[in-house]
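Worksheet for the structure shown next.
The values are calculated or read from the model by the stated rules, or taken from the named source; none is laboratory data. Model, not experiment: these values are computed from the prediction. Cβ placement follows ideal geometry from the backbone for every residue including glycine, while neighbour counts extend to all protein chains displayed.
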Amino acid sequence: MDILNVAAVVLDDQGRIVLWSPQAEDVFGYTAQEALGRFAARLLVREEHFGLVVDLFAQVMHEGLSWAGVFPVRHKDGGTRLLEFRNMRLRGESGDLYALGLATDQSTLRAVERDVALSTRLVAQSPIGLAVLDTNLRFLSVNPALARLTGVPAEEHTGRTLRETLSFLDVAPVESALRRVLRTGAPLVDQTLVGRAPADPEQDHAWSVSYYRLEAGNGKVLGLAVSVVDITDRHGAATEAARARQRLAMVADASVRVGTSLDLERTARELADLMVPDLADAAAVDVLDAVLRTPGEPGAPGTATARRRLFRPLATAPAGARDGRAGGHAVPYEADDEGLVARCVATGEPYLVRRVAAADLPRLVRGGETPDDLAREGLRSYLVVPLTARGTVLGALTLRRTRAPEPFDEDDLVLARELAGRAAVAVDNARSYQREHDTVLTLQRSLLPHAPEPRPGLDLAHRYAPAGAAGEVGGDWFDVIPLADDKTALVVGDVMGSGVSAATTMGQLRTTTRALADLDLDPAELLRHVDRSTTGLRDSTATCVYGVYDPRRREFRVSNAGHLPPVRVPPDGPPRLVGLPTGVPLGVGGVPFDTTTVALGAGDRLVLYTDGLVEVRSQSIDTRLERLLALLRDTGGRSLDAVCDEVLEAMRDPEVHDDVALLVARVH
């Protein structure tokens, strides 16, 4: 009405003006004082139209006919205006008749009509869903496009709230956003909603939604306008691009995070950590015991066994299977087992169960689980891929989704196979390393002496500990060699390096030392010959302490080749390092060795050791040697075996990758 600026004029039955609205002054130019009481035809109509106006007035007043149309009216300024009229007869309380005329400028009315018609067609024909809500968030109207998008007919929207109409969406955040726009007037543009509308209940759709506040010309808040555009394709493409980036990131992460060590347990844990929660809600790694056994080592006949490592455990897994820190949980299965893990390992092919049904559960149980366990867990989707490296199936990676709404798809399968393949190479490297380690350890243990028998005048105890938590084998050795006249040679040495080469060199040095010891050479002379024998040996640089104890003289004659000095622990005094010339390591050549004679009394102990016992990065060697002396001061009443155990436990750092040889002798 404000836009149209409608003028209202009332005439009595004689045609005189008895009511003149403020808008009439704007339309006709006359004030109320100038118009009231005058004949309307004389005031507003030109002479050539006078007869027509009288006839029309008669029709309205006497016949009760309403009349609408365009009529030229004389303005106060002398010009003529085309006005759109609506005329009708009125009857007062006393029965008097009046004529009501409503008029507005024709051009203004036509513009409004065009705008309304255009708006109506735009709203009705727009492919964009449009809706108008009142201030209580009830639908006032929706266009056909919105009805098609939601699958809810337009008439079912009108008068109803969002919750009543759009039950397939989470409307709480939508209502919150609408109230904020209603309160602040600031529009919200391009908000994304995802759901399944009744129009297509089998597929997720995405919509871009914008909210605007509607206001009247005078600023009054009328409600809200909502526009909705289906962006399912665009959203799907963006989602797929994001998933592709995530997959690339996971592949990149796998090259950094999986296989950081040659430890099988750690590699399995790294693989499971990579999978959860980005790809699955739970992950299990099965590694076949057969691939971990040394070739030729027998296994249980007729049964294949996998060692399950649940580093992202399932709530239903047996208690022993939930903790992957202690070597995992043994899971046997027969060759004809119908379980998907067994089939995956047997065939080397992956298996994908997109949507797990009750009938699938018996094939998916492992390690003491039952179908009821999986049902309670809420297993939705399942994927198992082989761990294959260099043509050999080493085990399987099992992934489960219990909370993620989307099932595994082919892209997830491709990604899981890629990541499992990378992890399998790391597992195979760990397996190869473990076999080499076992071989070297067996070789070294075969080269080291067994528990030495008691010697005349001496009690003996020894320990050998491989390096670090991984049990890396080095070149440390000890030996107790019987000599003529009840003498005993005590030897401790350390070959630089680790692995097969160091163990082999250690074996050669030990054999050479034992052969030369039978010649009853002076310790310095013996080391000189051993030094010469290292020429041509691989990794031949080594340190060594060689000493001979004579029980008849109660003396210990010893020579040092670049090794740490032994410790002498008297029964009634503080431990002290035996003062020896340092000497040079074996393999340097051309430098003579010296022999030192140490007198020993009853109860004296000699402690010979390699540097792995006392060397750490965080402390100086002097500090560590002082700690060793302090520790030995408090072991006087203990057995030699107890002394060995206590010294190893207190002094050896498991993070230091060096092995330790320890030999303790006590004089009778």
Could you grab me the full set of residues in region 66-93 that are free of Cβ contacts under 8 Å to residues at least 12 places away in the same chain and under 16 Å from VAL10 (Cα atoms)? ARG91, GLY92, GLU93
Go through the residues of region 559-571 one by one and say whether even a single one is within 30 Å of GLY601 (Cβ to Cβ), free of Cβ contacts under 8 Å to residues at least 60 places away in the same chain and of a type in the set (Val, Ile, Thr). no
Odd one out for LEU140, checked against (1) closer than 30 Å to THR31 by Cα; (2) in contact (Cβ under 8 Å) with a residue 40 or more places away in the chain; (3) not basic (Lys, Arg): (1)
Which one is surrounded by the most Cβ atoms within 10 Å (Cβ to Cβ), of the residues in region 173-219 that are charged (D, E, K, R) and closer than 15 Å to VAL132 by Cβ? ARG213
Are any of the residues in region 612-620 in a helix (DSSP H, G or I) and touching a helix residue (DSSP H, G or I) at 6+ places or on another chain (Cβ under 8 Å)? yes
Taking region 572-611 only, how many residues are in a loop (DSSP other than H, G, I, E, B) and of a type outside the set (Asp, Glu)? 23
Just give me the residues in region 657-668 being over 23 Å from PHE556 (Cβ atoms) and surrounded by fewer than 17 Cβ atoms within 10 Å (Cβ to Cβ), in sequence order. HIS657
Pairs only if they're at least six apart or on different chains, beta carbon under 7 angstrom, first in region 610-622 and within 13 Å of VAL647 (Cα to Cα), second modelled with pLDDT of 85 or more and surrounded by fewer than 16 Cβ atoms within 10 Å (Cβ to Cβ); list them, first residue then second. VAL614/ILE621
Residue check for ARG366: in a loop (DSSP other than H, G, I, E, B) and assigned by TED's automatic domain parsing to the domain that holds ALA284: yes
Only residues in region 162-183 that are in the same structural domain as VAL132 (by TED's automatic domain parsing) count as the first member; pair them with residues that are small (Gly, Ala, Ser), Cβ under 6 angstrom, at least 6 apart or cross-chain, and list the lot. PHE168/GLY195; PHE168/ALA197; LEU169/GLY195
Taking region 203-218 and keeping residues of a type outside the set (Ser, Thr, Tyr) and within 29 Å of the chain's Cα centre (by Cα) leaves GLN203, ASP204, HIS205, ALA206, TRP207
Failed condition for LEU36, given (1) crowded, with 16+ Cβ neighbours inside 10 Å; (2) closer than 30 Å to ASN218 by Cβ; (3) at pLDDT 90 or above, with all others met? (1)
When you look at ASP539, is it crowded, with 18+ Cβ neighbours inside 10 Å, among the acidic types (Asp, Glu) and at pLDDT 90 or above, yes or no? no
Sort out which residues of region 48-85 are assigned to a helix (DSSP H, G or I), of a type outside the set (Val, Ile, Thr) and either modelled with pLDDT under 85 or touching a helix residue (DSSP H, G or I) at 6+ places or on another chain (Cβ under 8 Å) (or both), and write them in order of number. PHE50, PHE57, HIS62, GLU63
If you check ASP412, ASP438, which single one turns out to be modelled with pLDDT of 85 or more and part of a helix (DSSP H, G or I)? ASP412
Filter region 558-571 for residues that are over 23 Å from GLY590 (Cβ atoms) and in a strand (DSSP E or B) and give the result. VAL567, ARG568, VAL569
Could you check, for region 344-354, whether at least one of its residues is among the small types (Gly, Ala, Ser), modelled with pLDDT under 85 and not in a helix (DSSP H, G or I)? no
Checklist (1) among the acidic types (Asp, Glu); (2) assigned to a helix (DSSP H, G or I); (3) within 48 Å of the chain's Cα centre (by Cα) applied to ASP653, failing item: (2)
Which members of region 356-385 meet the condition of being farther than 13 Å from VAL341 by Cα, buried (at least 17 other Cβ atoms within 10 Å of the Cβ) and not polar (S, T, N, Q)? VAL356, GLU369, ASP373, LEU374, GLU377, LEU379, ARG380
Regarding region 19-26, can at least one residue be identified that is part of a loop (DSSP other than H, G, I, E, B), touching a strand residue (DSSP E or B) at 6+ places or on another chain (Cβ under 9 Å) and touching a residue at least 60 places away in the same chain (Cβ under 8 Å)? no
Restricting to region 504-529, what's the tally of residues that are under 60 Å from the mean Cα position of the chain (by Cα), buried (at least 20 other Cβ atoms within 10 Å of the Cβ) and at pLDDT 90 or above? 2
Filter pass, ALA199 being assigned to a strand (DSSP E or B), at negative phi and in contact (Cβ under 8 Å) with a residue 24 or more places away in the chain: no
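Residues are listed down the side, and each one gets a yes or a no for (1) within 46 Å of the chain's Cα centre (by Cα); (2) of a type in the set (Val, Ile, Thr); (3) modelled with pLDDT of 80 or more:
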| position | (1), (2), (3) |
| --- | --- |
| ALA103 | no, no, yes |
| GLN106 | no, no, yes |
| GLU113 | no, no, no |
| LEU133 | yes, no, yes |
| ARG138 | yes, no, yes |
